[in-house]
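Notes follow once the structure below has been shown.
The values are calculated or read from the model by the stated rules, or taken from the named source; none is laboratory data. This is a predicted model, so every value here is computed, not measured. Counting neighbours? That spans all protein chains shown, and the Cβs are built from the backbone with ideal geometry, glycine included.
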Amino acid sequence: MPQDDHPYRSVLYMPGSRPRALEKARSLPADALILDLEDAVAPAEKPRARELVAEAVAAGGYGRRKLLVRVNGLDTAWGEADLAAACAAGPDAILLPKVETPADVTRAADLLARHGAPEGCTIWAMMETPRAMLNAGAVAGAHPRLEGFVMGTNDLVKELGAAHTPDRLPLVASLGLCLLAARAEGLVCVDGVFNAFQDQEGLRAACVQGREMGFDGKTLIHPDQLAVTNEVFAPSPEDVALAREQVAAFEAAEARGEGVAVVNGRIVENLHVVTAKRLLARAAVIAELEAAQ
């Protein structure tokens, strides 16, 4: 389950086989980093990448950025060794690829315990296959150590035989299933990548869609995508001003013995105030995080 109120607006993949990338990540304005031992690393480089990532995590210097290590699948020749090395280094989380069933999560949790992972080291699940979509609810509730879902939309499109479209209509059902499952269990849920990393307007549109659906943030493949993503997934100044107005109006109404308030011609009830307070708290955490970077 989520450990704190840390934002996950921007979750940037960094290849574990590139020392310069691991060093650069220490200064990037990402909320979280995925130090990748899987797709971004060629088979011949995987043992060395494992050493580099373990050394980088153990050395620290990443500030308040959350560190996730994506290991290779536990059914591969590298998976368990990746997990053991990551546990020794002590990242914030282990990201499991190709999770499809609750058993995938519980097996990983058992291995984390066996390899002495710190108590605060959680599990995140890549949701990227049709079977994962159909089992999303069961996966989300599989183990207390599970903290979040990461949507693997590229693999999902491939597995579905679908197409990448601007409106992502072929993926809406899958995205919705995972969001429902994550919210039911109180998990973080971050959207898949936007492949055209030089298309800033396309990225913005994808981020707005993800935010409106309810995602906490988006996974990214390039540092140039950070600014837009951080902006879109953060409360805007207008959002913050309205939330403060709603809270103040409702508190004034309560002081008069009334159960509702009116702001800009719209009814404000307790449920709106809960949402407004959550938004204000998120804005405060983001401001604190950015000040520390």
key: Leu28, sole failed condition from (1) touching a residue at least 60 places away in the same chain (Cβ under 8 Å); (2) within 25 Å of Glu80 (Cα to Cα); (3) aliphatic (A, V, I, L, M)   = (2)
message = Looking at the stretch 15-38 only, could you name the residues that are touching a helix residue (DSSP H, G or I) at 6+ places or on another chain (Cβ under 7 Å) and either among the aliphatic types (A, V, I, L, M) or outside any loop (DSSP other than H, G, I, E, B) (or both)?
response = Pro15, Pro19, Leu22, Leu28, Ala30, Leu33, Leu35, Leu37
task = Could you please find all residues in the stretch 11-39 being of a type in the set (A, V, I, L, M) and within 18 Å of the chain's Cα centre (by Cα)?
result = Val11, Leu12, Met14, Ala25, Leu28, Ala30, Ala32, Leu33, Ile34, Leu35, Leu37
query = Which of (1) under 30 Å from Gly210 (Cα atoms); (2) in contact with an Asp or Glu (Cβ under 9 Å, 6 or more places away or on another chain); (3) surrounded by fewer than 24 Cβ atoms within 10 Å (Cβ to Cβ); (4) not hydrophobic (A, V, I, L, M, F, W, C) is the odd one out, the single condition Ser10 does not satisfy?
reply = (3)
query = Inside the stretch 32-53, can you point out the residues that are crowded, with 23+ Cβ neighbours inside 10 Å and either in contact with an Asp or Glu (Cβ under 9 Å, 6 or more places away or on another chain) or closer than 17 Å to Ile123 by Cα (or both)?
reply = Ala32, Leu33, Ile34, Leu35, Asp36, Leu37, Glu38, Ala49, Arg50, Val53
ask   = Which of the residues belonging to the stretch 39-52 are in a helix (DSSP H, G or I) and either in contact with a helix residue (DSSP H, G or I) (Cβ under 7 Å, 6 or more places away or on another chain) or at pLDDT below 95 (or both)?
value = Arg50, Leu52
request  = Select from the stretch 160-183 the residues that are within 15 Å of Leu134 (Cα to Cα) and either of a type in the set (A, V, I, L, M) or crowded, with 16+ Cβ neighbours inside 10 Å (or both) and list them in ascending order.
outcome  = Leu160, Leu171, Val172, Ala173, Ser174, Leu175, Leu177, Cys178, Leu179, Leu180, Ala181, Ala182
message = Considering only residues that are out of contact with any Ser or Thr (no Cβ under 6 Å at 6 or more places or on another chain) and either of a type in the set (Ser, Thr, Tyr) or buried (at least 16 other Cβ atoms within 10 Å of the Cβ) (or both), which ones fall in the stretch 227-239?
response = Val228, Val232, Phe233, Ala234, Pro235, Ser236
key: Some residue of the stretch 174-189 being part of a strand (DSSP E or B) and at pLDDT 95 or above   = yes
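Listed here are the residues, each with its yes/no results for (1) buried (at least 19 other Cβ atoms within 10 Å of the Cβ); (2) among the acidic types (Asp, Glu); (3) closer than 26 Å to Glu288 by Cα.
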site: Cys189; (1), (2), (3): yes, no, yes
site: Glu201; (1), (2), (3): no, yes, no
site: Gln225; (1), (2), (3): yes, no, yes
site: Ala252; (1), (2), (3): no, no, no
site: Val274; (1), (2), (3): no, no, yes
